[in-house]
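What follows is a single structure, written as structure tokens, with notes after it.
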Amino acid sequence: MGPEDHRKTSDAMNRIFVTVGLLMLATLLGGCAKFESGLSLYEKGEYDSALRVWRLLGEHGDARSQNFVGVLYDQGKGVAENNVEAVAWFKRAANQGYAPAQNNLGLMYRAGAGVPRDDKIAANWFAAAAEQGHLDALNNLGVMYDQGAGVAEDDERAVQLFRRAAESGHPRALGNLGRMYEKGEGAPQDLAEAARVFGAAAQLGDREAQNNFAVMLDNGRGVAADPASAMTWFQKAARQGDVAAQINLGRKYLGSAASTDNLISAYAWFNLAASSGNSEAVNLKRSVATRLSREQVQQAQKLSATLLSVNE
């Protein structure tokens, strides 16, 4: 998978007259071959070489390449990170109607990266890409309507957008849709449907949905209670860096049989969550530390340092 809008894309081109079309086809095939060579270089980690290929194509108007150059500047790969330059390249592609670049430009305005933060402009670019069916943009625009950011808050519209992306299997949109069903926002509250949608997103690897699905399994909300499965999903989400899941997992160990191993595991997860600056995790870690020896705390800290590298 390439760096496309930190995501994926597809292109289409109309055929014209036969004589002119043959010349254009030769040019297009040559451009595609060069574009793919850039993609191959990117996937091998040869970012500076990929940048040279895509910059040349981008200077000649290739929207895909312009978008990729923007991604490289945004990521600081093959070139010093430069959000202003990234925005400039995204704009070149976005103004040609290229949906991935439109979505990326929306993300930059939303974050205030390379441009002053402007939620209204961000929403407009998300909408432009969403009109073309871009899944990330559909989800992002749904978030804007859910939060009333750059647009008037409209939970029903948010649900519509999340559902459109979710129907194509977009993990984050599925997770967001589950949240709306759980809370009864933009749609009647339906815990069973929330659990089903969270489960689908969890299977696709969305860490927030994994944590939310685990909470529902743990509490028997919208689904039969299954603490063992809940523990598995908490672990999957926590290992991906979800702070809420790390705290929930620490609490699960803390609430299990009072053993030194469980206390060490609880401390390790709280410690990891605390490293993100979460104050609740900091307090929980300190509380558990009072029940451990200095050596056991050191053992827990060493364990904490390995948790994110463990693959499920």
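The numbers here are math on the coordinates, done by the rules we state, and not lab data. These figures come from a predicted structure and were not determined experimentally. Backbone-built Cβ (ideal geometry, glycine too); neighbour counts: all protein chains shown.
If the only charges are +1 at each Lys and Arg Cβ and -1 at each Asp and Glu Cβ, what is the size of the charge dipole of segment 160-266 around the Cα centre, to the nearest 20 debye?
160 debye
What number, rounded to the nearest 500 deg cm²/dmol, is the helix-based mean residue ellipticity at 222 nm of the chain, given -39500 (n - 2.57) per DSSP H run of at least four residues and division by all its residues?
Details: 16 runs with 216 residues, N = 312.
Calculated from helices alone, the mean residue ellipticity at 222 nm is -22000 deg cm²/dmol.
In whole Hz, with x marking every Gly and Pro, tabulate ³J(HN,Hα) for segment 92-97 from phi via Karplus 6.51 cos²θ - 1.76 cosθ + 1.60, θ = phi - 60°.
For segment 92-97, the Karplus-derived couplings read 4, 6, 5, 5, 8, x Hz, x marking Gly and Pro.
When 265, 168, 275 are ordered from fewest to most other Cβ atoms inside 10 Å of their Cβ, what list results?
Least crowded to most crowded, the residues run 168, 275, 265.
Among 170, 60, what is the fewest-to-most ranking by other Cβ atoms within 10 Å?
Listed from fewest to most nearby Cβ atoms, that is 60, 170.
Computed FRET efficiency, Cβ-Cβ of residue 147 and residue 224, R0 41 Å: what is it to the nearest 0.05?
Rounded to the nearest 0.05, the efficiency is 0.80.
Give the peptides 198-211, 215-228, 69-82 in descending order of average Cβ contacts within 10 Å, highest first.
Ranking, from highest mean packing down: 198-211, 69-82, 215-228.
What's the FRET efficiency of residue 283 with residue 232 using the Cβ-Cβ distance as r and R₀ = 25 Å, to the nearest 0.05? Spell out each step's value before the answer.
Numbers: r = 27 Å, r/R0 = 1.07.
For R0 = 25 Å, the calculated efficiency reads 0.40.
Using a Gaussian network model of the chain whose springs link C-alpha atoms within less than 10 Å, name the residue from 127, 300, 93 with the highest mean-square fluctuation.
300
Can you put 294, 110, 251 in order of Cβ neighbours within 10 angstrom, beginning with the fewest? Please report the intermediate quantities before stating the final value.
Numbers: 294 8, 110 21, 251 16.
Listing 294, 110, 251 from fewest to most nearby Cβ atoms yields 294, 251, 110.
What distance in nm lies between label points placed 7 Å from Cα along the C-beta direction at residue 204 and residue 185?
A separation of 2.0 nm, rounded to one decimal place.
Using Cα centres only, tell me the gap between segment 53-101 and segment 248-312 in whole Å.
43 Å
Hey, could you get me the Stokes-Einstein D for segment 252-312, Kirkwood radius over alpha-carbon pairs, 25 °C and 0.890 mPa s, rounded to whole µm² s⁻¹?
Numbers: Rh = 11.5 Å.
In µm²/s, the coefficient is 214.
Run the numbers for residue 305 and residue 167: contour at 0.36 nm per residue of separation, minus the present Cα-Cα distance, in nm.
Result for the pair: 45.9 nm of gain on full extension.
Which one, 232, 97, 266, is farthest towards the positive end of the dipole of the chain when Lys and Arg carry +1 and Asp and Glu -1 on their Cβ?
Selected residue: 266.
Mind checking the dipole of the chain: about its Cα centre, +1 per Lys or Arg Cβ, -1 per Asp or Glu Cβ, Debye to the nearest 20?
About 620 debye.
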